[in-house]
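To start, the structure under review is shown below, and the notes come after it.
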Amino acid sequence: MIEFKNVSKVYPGDIKAIDDVSITVEHGEFVVLLGPSGCGKTTLLRMVNQLEELTEGEIAVEGNNIQELNKFEMRRNIGYVIQSNGLFPNMTIEDNVMVVPSMLGWTKEEKAERFAYLMNLIGMPPEQYGESFPHELSGGQQQRIGVARALAADPPVMLMDEPFGALDPIIRSRIQEEFLEIQRSLKKTILFVSHDIDEAIKLADKIVLLKDGKVQQFDKPAELLNQPANEFVAEFVGEDSVLKSLSLYTVKDLLEGAPPTEGAAPDASDAIFEETASLRSVLSALLTPSQKNVWLKNNEGRIFGPVSAAQIESFVHRMTVTA
Ligand SMILES: Nc1ncnc2c1ncn2[C@@H]1O[C@H](COP(=O)(O)OP(=O)(O)O)[C@@H](O)[C@H]1O
Ligand SMILES: [Mg+2]
């Protein structure tokens with residue numbers, strides 16, 4: 001758990017980067033700090049692990065006021081991932097990932113076991129990558145290693161500052177999904193910085209939307225889209241909030257809420273989406289000119305469809321007005 005109580009930060013030159021922020025990130029919650037460049041996201045994040053000092057207020061991590069904790073002790077309980085992954089270029093991947101456990105004096109066996117676990121978690125076989133150096137890996141692989149390193153000593157809290165921001169859109173999207181999958185089983189308390197509303201909607205349990213260091217709205221993604229607290233929020237989430245809401249719902253939701261009729265066997269050139277696919281991806285397929293029919297498949301293997309864009313739109317509309 002991370003608690004911010006009336007936190008402010010003034011940089012030299014009277015720059016008020018954070019202005020009276022009070023929010024709580026509950027245990028196991030994934031919270032995204034969202035907002036335009038310069039709104040104070042990085043500053044707020046860096047105050048948690050004392051890379052920046054607070055000017056006013058209080059921050060508590062796992063119930064302990066950070067100012068009463070030893071900085072170095074404290075950082076071991078917080079995983080930190082940044083955009084420029086911060087890997088040490090002259091150290092092997094294994095040594096990079098195991099930096100904190102090494103500092104903590106883990107035995108060789110403990111470290112080897114943990115390293116293998118983490119590498120399998122991020123989908124990079126330990127025997128294949130352990131002896132590699134960072135420059136031998138792709139950007140996406142380096143970011144995965146950054147995540148593995150942050151998880152190494154199993155910290156309850158993770159701070160992530162645009163960790164996937166430097167990756168190209170396709171790789172980024174894949175890593176976001178992998179990371180969500182990991183989070184579903186690990187249930188870390190995560191504070192994650194992004195300036196990208198789509199990324200925030202996809203990942204967050206809750207979003208903190210900031211402007212000029214002030215919280216504009218702290219809410220679930222659906223609430224931000226459907227009930228923006230003010231003009232700024234409405235403008236930031238954009239005109240096409242119904243389209244964005246599509247990312248919040250899956251094929252499973254549609255099949256439970258407003259199932260299309262059970263259909264015949266699809267043609268070889270048709271698309272079939274499984275229960276876990278987002279309705280946004282289904283709609284994109286429907287809007288692709290070359291696409292023939294789009295079908296939905298439930299976990300029992302039953303096929304429904306063909307589904308129409310209008311069906312999806314009316315489902316999402318119904319969900320958002322009744323939410
Ligand atoms: N070390 C610093 N010294 C002075 N001003 C800073 C410093 N770091 C950030 N700022 C200012 O604080 C504000 C918030 O910056 P930052 O937290 O980096 O925003 P974001 O991460 O949302 O882009 C900006 O106006 C920025 O110029
Ligand atoms: Mg920043």
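The values are calculated or read from the model by the stated rules, or taken from the named source; none is laboratory data. Quick caveat: nothing in here was measured; it's all calculated off a predicted structure. Note that we place each Cβ from the backbone using ideal geometry, even for glycine, and neighbour counts take in every protein chain shown.
Brief remarks follow.
- Of the residues making up the range 22-33, not a single one is within 15 Å of ligand 1 (Cβ to nearest atom), touching a Lys or Arg at 6+ places or on another chain (Cβ under 9 Å), at pLDDT 95 or above and farther than 20 Å from M158 by Cβ.
- Checking K211, K202, K252 one by one, the residue that is touching a residue at least 24 places away in the same chain (Cβ under 8 Å) and touching a Cys at 6+ places or on another chain (Cβ under 6 Å) is K211 and no other.
- Here V147 passes the criteria (1) part of a helix (DSSP H, G or I); (2) within 16 Å of ligand 1 (Cβ to nearest atom) except the one numbered (2).
- Taking each residue of the range 160-172 that is within 15 Å of L87 (Cα to Cα) and looking for partners that are among the basic types (K, R) and away from ligand 1 (no atom under 16 Å from the Cβ) with beta-carbon atoms closer than 8 Å, six or more apart or interchain, yields F164/R172.
- Failed item, numbered, when F315 is tested on (1) under 29 Å from E223 (Cβ atoms); (2) in a strand (DSSP E or B): (2)
- Taken as a whole, the condition of being within 22 Å of L180 (Cα to Cα), within 16 Å of ligand 1 (Cβ to nearest atom) and in contact (Cβ under 8 Å) with a residue 40 or more places away in the chain does not apply to I78.
- As a summary of the residue check, P36 satisfies the conditions (1) surrounded by 18 or more Cβ atoms within 10 Å (Cβ to Cβ); (2) at pLDDT below 95; (3) touching a Lys or Arg at 6+ places or on another chain (Cβ under 9 Å); (4) not small (G, A, S) except for the one numbered (1).
- Every condition in (1) free of Cβ contacts under 8 Å to residues at least 60 places away in the same chain; (2) more than 13 Å from ligand 1 (Cβ to nearest atom) is met by L87 except one, and the failing one is (1).
- Residue count, the range 1-49 (criterion: more than 16 Å from ligand 2 (Cβ to nearest atom) and of a type in the set (A, V, I, L, M, F, W, C)): 8
- One residue stands out among those in the range 39-68 that are of a type in the set (V, I, T) and more than 13 Å from ligand 1 (Cβ to nearest atom): the one that is surrounded by the most Cβ atoms within 10 Å (Cβ to Cβ), which is V61.
- Looking across F304, F273, one residue alone is out of contact with any Asp or Glu (no Cβ under 8 Å at 6 or more places or on another chain), in the same structural domain as A258 (by TED's automatic domain parsing) and aromatic (F, W, Y). It is F273.
- Check on A153, more than 16 Å from ligand 2 (Cβ to nearest atom), small (G, A, S) and modelled with pLDDT of 95 or more: no
- Any hit, the range 288-308, residues being at positive phi, at pLDDT 85 or above and in a loop (DSSP other than H, G, I, E, B): yes
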